[in-house]
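Accompanying notes for the structure given below.
The values are calculated or read from the model by the stated rules, or taken from the named source; none is laboratory data. It should be emphasised that the depicted structure is a prediction, and the values quoted were computed from it without experimental measurement. Backbone-built Cβ (ideal geometry, glycine too); neighbour counts: all protein chains shown.
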Amino acid sequence: MSNSSGPIRSRRNQRGWVALGLLLGGLLIGQAGEIPAAPLRDDVSTRSGFDRTTGVVPTDEAGRPLNLGFETGDLTDWRIVRGDAFAGQPIAGDTVSVRRGDMTSNHAGRFWLGGFERHGDAPRGVIESAAFRVTHPYATFLIAGGAHRETRVELVDAHRDEVIFTAFGDESEVLKPVAVDLRPHQRRLVKLRVIDDHSGHWGHINYDDFRFHDQPPVVPKRLTRDQYAHAGLDPQRAAEVMEVPEGFEVRLAAAEPEVRQPIALAYDDRGRLWVAEAYSYPIRVPADQARDRILIFEDTTGDGQLDSRKVFIEGLNLVSGLELGFGGVFVGAAPELLFIPDRDHDDTPDGPPQVLLDGWGYQDTHETLNAFIWGPDGWLYGCHGVFTHSRVGKPGTPDNQRVPINAGVWRYRPQDGRFEVFAEGTSNPWGVDFNDRGQAFITACVIPHLYHLVPGGRYQRQSGSHFNPHTYDDIKTIADHLHYVGNNPHGGNGRSNDAGGGHAHCGAMIYLGGAWPAAYRDQIFFNNIHGARINVDALEPFRSGYLGTHRPDFLLANDSWSQIVNLRYGPDGQVFMIDWYDRQQCHRTEVEVHDRSNGRIFQIRHTASAPASKLSVNLANCSNADLVAHQLHPNDWFVRHARRLLMERPVDPETRKALATIAFDHPDETRRLRGLWALHVHGGLTEEQLLKLMQDDAPSVRGWAARLSSENGSPAPDIRAALIEQARRESAAEVRLELASAVGRWPVERRGEMLAALLAHGEDADDPNLPLMIWYALEPLAASQPSNALTLAARGRIPRVLAFATRRVASQGTPDALGLVMERVAAAEDAVTRRIMLAEINAALKGRRNVTAPPGWAEWFAQLIQTETDAQARSELLNLASTFGDPAALRVLTNLVRDSKAPAPQRLDALAALIQSRVAGLDQLLLDRLDDPDLQPAAIRALAVVDHPEIGARLIALYDRLPRDQRRDILLTLAARLGTARELLDAVERQAIPASDLTADIVRNLRNHKNTDLDQTLTKVWGRVSSGGDPAEIQRQLERYSRLLDRTDLPKPNVVRGKALFAKVCGQCHKLHGEGGDVGPELTGSNRGDRNYLLTNILNPNELIGKDYLAHVVALTDGRVITGIIRAETERTLTLVTANEVLTLDKSDIDERQPSDASMMPEGLLTPLTDQEVRDLIEYLARPAPPTAEELDAAATR
């Protein structure tokens, strides 16, 4: 907001929100209409700090400091005017973080006024402070709670009882400062009034710590929770309510019935808009029902209205991507990438679609191939989601020659049909674009939202593992902010313009259109689906890559149905965007929940630059000379289309000469890059040209020379030698990143010198990209040439690479490989390096047993155990020795476990080592630890790995004395083996263990033994899971539980008991309000308020399962049966996430493994619960906030 003295108009004022900010003379900033600018700053980021201690506490007339921050621990200097909302106040300490994991109270001192903490939202009331005189020009106080007009804090003229300032909450429990300009009110007598007159959702107010200030206080900007004023608007009205910055406007370009379900768009060389309609989604329909189609729209007058419409093709199936070029249309329609020829450009297909590539998966139909776009290098790029698993190749390609992909970005080269994964990872990206220097950026969902991609990069995944099990770590987001609260990616922060919106993003456009103001150039625009807005991030160079910094939201749809899928600038520099428009924001497989009747196309126009009439273009008719000239056009639309056309045309020497002039002589590096890219796609770069480009003054040009030199694998010898020399002397980290990416494409045997040169740059040790990209290139060398790889890593100056190389070589598990790494450990000159290397060797051998020690082990161990002074390094050494079965080490570890005076962490590490080695006498050692408070939980879990006749009886006898989580561990341990499973059910039958404690996942583990007698006993004491996914039975159960929840003749649901039931039934796998496990998806931000949604997912958990959440049943040679999700797999080990621990298993111990068609969430979760318990659990699950402190206190006293 401007600090000038004249009137201003905020675009937010149109929304009808109450935007909290600073006040001048009692006027509320954010009210509709003209408002005076505040002289205090409110443009500070919410990340800014605020020092509350700099203020002055008001005093009474006698000079006594008033208790306006409640630090007396009571209501001294306050009086309750009416009601009971503030009875029992103030609150001591941070009770907010105790009851919910996504917020804190952020109070000052020890005490504060917390309206929800004692009595929840229901009570109402008013509390007033003693009067005090205004002695300073400015003031601040802290406020949180409901954003209603009925939940507020007022500053009141005590004589006139006139309100001079009002502030409201922001639907957060986090107290934040607001500032007050008191210059017009000097020497007046005032008082504070805290009002709670709302009993519904967020019907409470929090307050703390009023202080005066001499200078204008700089406080974070306060933002109210977003309220979307509209839903289900007609198309024209939808355009009218959208908000964009001053100087822009939104026009409706086309809408239903002319367009429905738009899922992809592309421009042709005439500036016409091609749009794909996806009627098949969310399923691939039978061929005779396929009716997806591609439309051609044109604005014939230049007014932003797409007044011309043609149908190019129909009858397509599960369309998700679209791009034009090479005399036709490239279409993504899983399982195929199609090409529909139209070489005569008559807008009619020349023949049936041609299948270029097949094998594209559609297990999750909203994560298929999408977001097609031409890259500057001449490849066709697209995105792919994490829960769809593809094996791509030309039709007829054998499976073992296909390219696997799930999450990531792929590319296809039409000239020779080559397909490859450009970069792997992220989540479900639906947008990729390139900046002015040709760097790729994508937007993602659920996980952090923005990534800078380089060829061969591996990036943070939402789920599952990278294809190479030796990746060890991946590259993280470039965003310096999140679009969701805390650790809850599904929640969204719901705050306007505060990194706003939620976790789901779609589309990506880096604006290079040349018509909008320069401030928008090279920034990335993308839609935030749950936030109903277009977010903008600035892409700022940082180290070897970029930093994505939040900028003000560009467009606010003000409509909860808005779902903009993508946006693109055209030849006039203005932007068209397609809007799927649907009430249903989340992917659902039920066909009937999606509305196929609507869809919109809008144009965003910058009014000062929009042409008054149609801009007529047809680049296909341009000469080569014109296409070369277009490489210098300010609008990259011309640059990109002209470059693609040059790629399609025969190589012409004169054209290449003209392009070379741009590539080598233009003073602007971005234009030299354009010349370089055009040369590359029109005939290729010669060795001489590459060598010259490698000497360019601009790092971006040098980097692209390195990238293109290795596009087809190993470059020519002279080029390779020059690249290695460049790596030695290169001062720019961004170029070193390109070199690290390039060497990963070289034959493994030729990588050594380049890797040595890159590893010598110690300044890259903490770079966000380079250590990992170097590691990805070195890893195959560690497999084929382990000694050489270790030498390279040890001589280098990047410790992470040495650590990972050590782990990779050790993972081979052979005596020779282990000898190589132990030689390095023994030769290491410092304890830190030894500690790291030993830890990596242990990580490589985790879960392995009976590993043969390397030659010379006894000497190394004797030397190191005597000389090592670092306690952690000694611990790692002993753990490694136990893996080798070293008798001396096993004795030391056993004694350490038995020593109750030793530090608990060391004892736990020692016990874990003994469990992994299966030391003789382990069964008795574990039984003896059942009364050891430090080791008891670990011992209970570990007893599953041994067989001893006393285990069942000892654990059952211990059951009642333990807290809930350890009782659960007992149940899982007993269920793991057939013998103890029988003892468990005998205990249930004689009521030594309540049948209700057998949650559905434990019941499934028992049934996995496939023992008839056990199953019969289980049915007798627990019940039967009968739905088996049968729709009719599920519907019957759904109706039964719906009726149960509607009943008014039963006691009201108890949310505190529901919370306890959640911990017992659900919390071991799911997290809610910051509490619970991480095995299954986070629940906090899901559609929990919809009772039908909750019951459907509980009763039919297998309706929609991502592959990475499928349960696997693993039978071990020692008799255990384990159910879990596969977290990772190597040649020798399998890592399973079970309901209570993560297990790394030696594959030699696995007798049988069977993937299930079910998720980890079992059926029958509600079966053991009473009707009242079902009501309590659903009440807790559906409630937006956890139980209040008052509710918890009341439950504790019952």
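Per-structure values
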item	result
Hits in segment 431-470 (condition: closer than 21 Å to Gly531 by Cβ and modelled with pLDDT of 95 or more)	Gly431, Val432, Asp433, Phe441, Ile442, Thr443, Leu450, Tyr451
Restricting segment 950-979 to residues that are farther than 24 Å from Val1065 by Cβ and assigned to a helix (DSSP H, G or I), the residue that is nearest to the chain's Cα centre (by Cα)	Leu978
Residue satisfying all of: in segment 641-671; free of Cβ contacts under 8 Å to residues at least 40 places away in the same chain and among the basic types (Lys, Arg); farthest from Trp704 (Cα to Cα) among these	Arg649
Strands (runs of 3 or more DSSP E) wholly inside segment 282-358 containing at least 2 residues that are within 20 Å of Arg260 (Cβ to Cβ)	292-298, 308-316, 319-324, 328-333
Any strands (runs of 3 or more DSSP E) falling wholly within segment 401-475 and containing at least 3 residues that are of a type outside the set (Lys, Arg)	403-405, 408-413, 418-426, 432-434, 440-443, 450-453
Segment 998-1029, subset charged (D, E, K, R) and either within 25 Å of His1070 (Cβ to Cβ) or surrounded by 14 or more Cβ atoms within 10 Å (Cβ to Cβ) (or both), residue modelled with the lowest pLDDT	Arg1024
Residues of segment 610-633 satisfying the condition of being closer than 26 Å to Ala519 by Cα and either modelled with pLDDT of 95 or more or among the β-branched types (Val, Ile, Thr) (or both)	Ala629, His630, Gln631, Leu632, His633
Conditions (1) surrounded by 21 or more Cβ atoms within 10 Å (Cβ to Cβ); (2) not in a helix (DSSP H, G or I): number failed by Arg929	(2)
Condition check for Glu763: acidic (Asp, Glu) and touching a helix residue (DSSP H, G or I) at 6+ places or on another chain (Cβ under 7 Å)	no
Hits in segment 580-607 - residues which are under 16 Å from Val259 (Cα atoms) and in a strand (DSSP E or B)	Arg600, Ile601, Phe602, Gln603
Candidates Phe312, Phe297, filtered to the one that is surrounded by fewer than 20 Cβ atoms within 10 Å (Cβ to Cβ), more than 27 Å from Gly385 (Cα to Cα) and not polar (S, T, N, Q)	Phe312
Criterion violated by Val194 - all others in (1) part of a loop (DSSP other than H, G, I, E, B); (2) among the β-branched types (Val, Ile, Thr); (3) crowded, with 22+ Cβ neighbours inside 10 Å satisfied	(1)
Matching residues, segment 751-767, being out of contact with any Phe, Trp or Tyr (no Cβ under 8 Å at 6 or more places or on another chain) and not acidic (Asp, Glu)	Arg751, Gly752, Leu755, Ala756, Ala757, Leu758, Leu759, Ala760, His761, Gly762, Ala765
Positions within segment 96-139 being surrounded by fewer than 21 Cβ atoms within 10 Å (Cβ to Cβ) and β-branched (Val, Ile, Thr), in sequence order	Val98, Thr104, Val126, Thr135
Which numbered condition Met577 fails, given (1) within 30 Å of Glu734 (Cβ to Cβ); (2) out of contact with any Cys (no Cβ under 8 Å at 6 or more places or on another chain); (3) assigned to a strand (DSSP E or B)	(1)
Residues that are under 26 Å from the mean Cα position of the chain (by Cα), in a strand (DSSP E or B) and modelled with pLDDT of 80 or more, drawn from segment 1138-1180	Val1142, Leu1143, Thr1144
Number of the condition not met by Ala264 [criteria: (1) touching a Gly at 6+ places or on another chain (Cβ under 8 Å); (2) assigned to a loop (DSSP other than H, G, I, E, B)]	(2)
Hits in segment 518-533 (condition: within 13 Å of His449 (Cα to Cα) and not in a strand (DSSP E or B))	Ile529
In segment 547-570, the residues that are of a type outside the set (D, E, K, R), closer than 27 Å to Phe638 by Cα and surrounded by fewer than 24 Cβ atoms within 10 Å (Cβ to Cβ)	Phe554, Tyr569, Gly570
Answer residue from segment 753-775, given it is under 26 Å from the mean Cα position of the chain (by Cα) and part of a loop (DSSP other than H, G, I, E, B) and is surrounded by the fewest Cβ atoms within 10 Å (Cβ to Cβ) among those	Asp766
Number of positions in segment 607-630 that are of a type in the set (Gly, Ala, Ser) and more than 28 Å from Arg672 (Cβ to Cβ)	5
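One line per residue, one yes/no per condition, for (1) surrounded by fewer than 23 Cβ atoms within 10 Å (Cβ to Cβ); (2) part of a strand (DSSP E or B); (3) not charged (D, E, K, R):
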| position | (1), (2), (3) |
| --- | --- |
| Trp360 | no, no, yes |
| Gln363 | yes, no, yes |
| Thr368 | no, no, yes |
| Ala371 | no, yes, yes |
| Cys383 | no, yes, yes |
| Thr388 | no, no, yes |
| Val392 | no, yes, yes |
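Listed here are the residues, each with its yes/no results for (1) more than 29 Å from Arg260 (Cα to Cα); (2) of a type outside the set (Ser, Thr, Tyr); (3) over 41 Å from the mean Cα position of the chain (by Cα).
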position: Pro611; (1), (2), (3): no, yes, no
position: Lys614; (1), (2), (3): no, yes, yes
position: Asn621; (1), (2), (3): yes, yes, yes
position: Asp626; (1), (2), (3): yes, yes, yes
